[in-house]
Structures are given as structure tokens and as C-alpha cells.
1. Using 0.36 nm times the number of residues separating Gln77 and Glu137, minus their current alpha carbon distance, what extension gain do you get?
2. Suppose each label sits 7 Å from its Cα in the direction of the beta carbon; what would the Val111-Glu61 distance come out to in nanometres?
3. Full extension from Asp68 to Arg37: what is 0.36 nm times the residue separation minus their Cα-Cα distance, to one decimal in nm?
4. List Ser58, Ser190 from most exposed to least, where exposure is judged by having the fewest other Cβ atoms within 10 Å.
5. Sorted by packing (mean other beta-carbon atoms within 10 Å per residue), highest first, where do 134-147, 67-80 land?
6. With 22 Å as the limit, write out which pairs from Lys47/Lys142; Lys65/Lys188; Lys59/Lys142; Lys142/Lys188; Lys98/Lys142 have Cα-Cα distances beyond it, or answer none.
Amino acid sequence: MAQNNSNSAFEEILPLDSSFPHHTSQSGYKNPQPVVRNVGIQRIPDKVKGVEKPATSSKRELEEKGLDLRVAAAHQQIRTDRRRLLQCVLNLLTNAVKYTVQGNVTVETQVVQSPGTTLEAGVAEISVTDTGIGIGEEDIGKIFQPFVRLGSPLQATIPGTGLGLYLTRKLAAEVLKGDILLTSEYGKGSRFAIRIPVSMP
């Protein structure tokens, strides 16, 4: 029953290309309007794990590689655009699975509250961490640029346009009013963290 609920949540989600058509010019770009609602941040990893549409290929790849998908979730309500947030998380998860040959991928959620501030003024963080090929320090600054595909031993076997991370960060920044932070070490893995306000207006 829980799996059906997770799947239905993703049937509404558009591909990232639908949210940000890359054929439009920068001057002609318009932000999709956010639909803000209460979201249980602890439910996001479960929805990602249970999804069948549109991530069938990622689930199959997880199974074929024998990767372990792990979840660590904080229980907290936030106010944000659930659909767009799930788009971002799903794209980061898909990317992690692509570039991880063995080991695990972890989806984690937490709320960070600064001392002396209210919870509503805090930051929600949803991270995707992998034990994949990692990114060299000299390439970290390029990873969110459009049409960039970094050289790696796996590149010849992995399809892609070099737009996924660019569009994901654009969505996080311009619709969810947040950002995506990256830490990585070549040969050991990467951690992408979406950081957004706990309460969007």
C-alpha cells in the first residue's frame, strides 16, 4: 500500500526539461510558479525509494549493480513546493546511481536551526551521498554549468546531455529559493545537498 502512495506522488512530476526548457534564451526564461504546501521532510526519501515512474531505469540499475540504497530521515514539517523538491532529489539520486559502480547511495534529510532563531527561520537539507567515482577539485566549479560532462572512465558508457545538474540547481535556486552544495573527492564519492528554507512564503 505504501508503495502505491509513493508511486502516485511521482506521476505528477514533470521531467526537468519540462520545467526549464533549455532551448529558451536566458532573457526569455520564466520561473515556474511554486505551489507551496506542508511537506513531511521524513517522507521524501521513502517516496524516492518507492518510485517506479519515471525512475524505472534507476531502480533497475541499483539492482543490477547491487548498490545499497540507504535512508536517514529527520521528522519535521516544512513548507515548500513538494513536486519541485522531489524533482531535484530524484535527479540527484539518478545521477548518483549512474556514477556509482559499487557500494551505496544514501538519501538523508535534516533541519538546521541557527542558535537564537525560530525553527521556521531554519534550513531544510536533503542530501544524496554516493560511493562513486567522485569529482576532482579542479572540476567542482564546472559541475553545475550547462552542457558540461566531465571526463571520467565511465563517460563513454553513460548517456547524458550535461544539463541535469545545471537544471536541478536552477530549480532549487529560482523556485525553491535555496541552493545545492557539493563536496566530493575523486575516487571516493560525492555528496550533493539541497538546502532550502524550512518555510517558504
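Read the figures in this text as sums done on the coordinates, not as results from a lab. This is a predicted model, so every value here is computed, not measured. Counting neighbours? That spans all protein chains shown, and the Cβs are built from the backbone with ideal geometry, glycine included.
1. Full-extension gain reported as 18.1 nm.
2. 3.3 nm
3. Between Asp68 and Arg37, full extension yields an extra 8.0 nm.
4. In increasing order of surrounding Cβ atoms, one gets Ser58, Ser190.
5. 67-80, 134-147
6. Lys47/Lys142; Lys59/Lys142
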